[in-house]
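Below: the structure, in structure tokens.
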Amino acid sequence: MLRIYGRPNSINVQKVLWTADELALDYEHVPAGGAHGKVEETWFAALNPNRLVPTIEHDGFVLWESNAIVRYLAARFGMDRLCARDEQQRALAGQWMDWATFTVVAAMTPVFWGLVRTPETADKTAIAAGIEKCQAAFRLLDAQLAERDYLLGEAFTMADVPLGCAVYRWHAMDVPHQSLPHLEAWYERLRARPAYRDRVMLPLS
Ligand SMILES: N[C@@H](CCC(=O)N[C@@H](CS)C(=O)NCC(=O)O)C(=O)O
């Protein structure tokens with residue numbers, strides 16, 4: 001039995017729910033965090049002492065950190081599809097997943113909080129700096145996608161998941177969008193996936 005804890009509007013939870021749906025997994029989704037609470041309860045801290053979502057339980061196995069969860073689900077249920085058997089291909093997927101977190105989402109966080117979550121206390125300098133960093137990162141991503149349909153080649157893999165979540169968030173915000181044809185074509189391919197539309201393309205909150 002797979003149980004996924006997390007609120008649907010969290011970008012990190014969206015990675016996990018999208019992956020689970022791509023794999024057509026049978027799972028229980030327990031909304032948690034934010035207005036859904038639960039993370040402050042003792043039983044939740046026993047699962048994840050950080051009191052953060054996403055967190056999963058799979059037949060008694062507990063895991064947190066969204067990219068680690070995506071990698072686990074892809075390897076356990078999507079080997080040769082979402083997860084490459086080849087170590088170097090798998091490492092490249094991990095590279096893009098970590099770059100999504102530490103470069104793209106790190107740059108986007110002040111923009112998202114300033115424009116969406118707490119506009120009343122927005123730091124305009126931090127927003128402008130974040131936009132500039134995101135634009136530079138997306139130019140790099142556009143170049144990677146110039147010669148392939150997805151991050152690692154002709155097929156959708158776990159490498160596309162964290163960046164796919166970030167790119168939706170970027171498009172949904174009122175920020176200057178550059179013309180990046182390869183990134184746009186990839187984003188259109190993602191939008192054709194029902195699980196992406198269901199789990200990621202939600203109103204920002
Ligand atoms: N590095 C962690 C970050 C987890 C995280 O910061 N989760 C946020 C939601 S995106 C959270 O749980 N916030 C507290 C809450 O929602 O109550 C991951 O990728 O899973």
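The values are calculated or read from the model by the stated rules, or taken from the named source; none is laboratory data. The model shown is predicted, which means the values in this text are computed figures rather than measured ones. Backbone-built Cβ (ideal geometry, glycine too); neighbour counts: all protein chains shown. Protein only, heavy atoms only, side chains kept; ligands, DNA and RNA dropped before computing areas. Shrake-Rupley method; radii C 1.70, N 1.55, O 1.52, S 1.80 Å.
General observations
- Considered as a group, the residues in region 165-205 that are part of a helix (DSSP H, G or I) and of a type in the set (D, E) include one that is most open to solvent (accessible area, probe 1.4 Å), and that residue is E188.
- Within region 141-153, the only residue that satisfies the criterion of being open to solvent by 60 Å² or more (accessible area, probe 1.4 Å) and touching a residue at least 12 places away in the same chain (Cβ under 8 Å) is A143.
So that you can scan it fast, the table gives a plain yes or no per residue for (1) touching a residue at least 12 places away in the same chain (Cβ under 8 Å); (2) on the phi < 0 side of the Ramachandran plot; (3) of a type in the set (V, I, T); (4) assigned by TED's automatic domain parsing to the domain that holds R51:
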residue	(1), (2), (3), (4)
T101	yes, yes, yes, no
G114	yes, yes, no, no
D123	yes, yes, no, no
E132	no, yes, no, no
A136	no, yes, no, no
R139	yes, yes, no, no
A155	yes, yes, no, no
M158	yes, yes, no, no
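- Residues that are of a type in the set (D, E, K, R), more than 10 Å from the ligand (Cβ to nearest atom) and surrounded by fewer than 19 Cβ atoms within 10 Å (Cβ to Cβ) within region 40-94 comprise E41, E57, D59, R76, D80, R81, R85, D86, E87, listed in sequence order.
- Top-ranked residue in region 95-138 [being β-branched (V, I, T) and away from the ligand (no atom under 16 Å from the Cβ); ranked as nearest to the chain's Cα centre (by Cα)]: I131
- Every pair of residues 6+ apart whose Cβ atoms lie under 9 Å, when the first sits in region 11-24 and is touching a residue at least 60 places away in the same chain (Cβ under 8 Å) and under 9 Å from V70 (Cβ atoms) while the second is within 9 Å of the ligand (Cβ to nearest atom) and assigned to a helix (DSSP H, G or I): K15/S66; K15/N67; K15/I69; K15/P162; T19/I69
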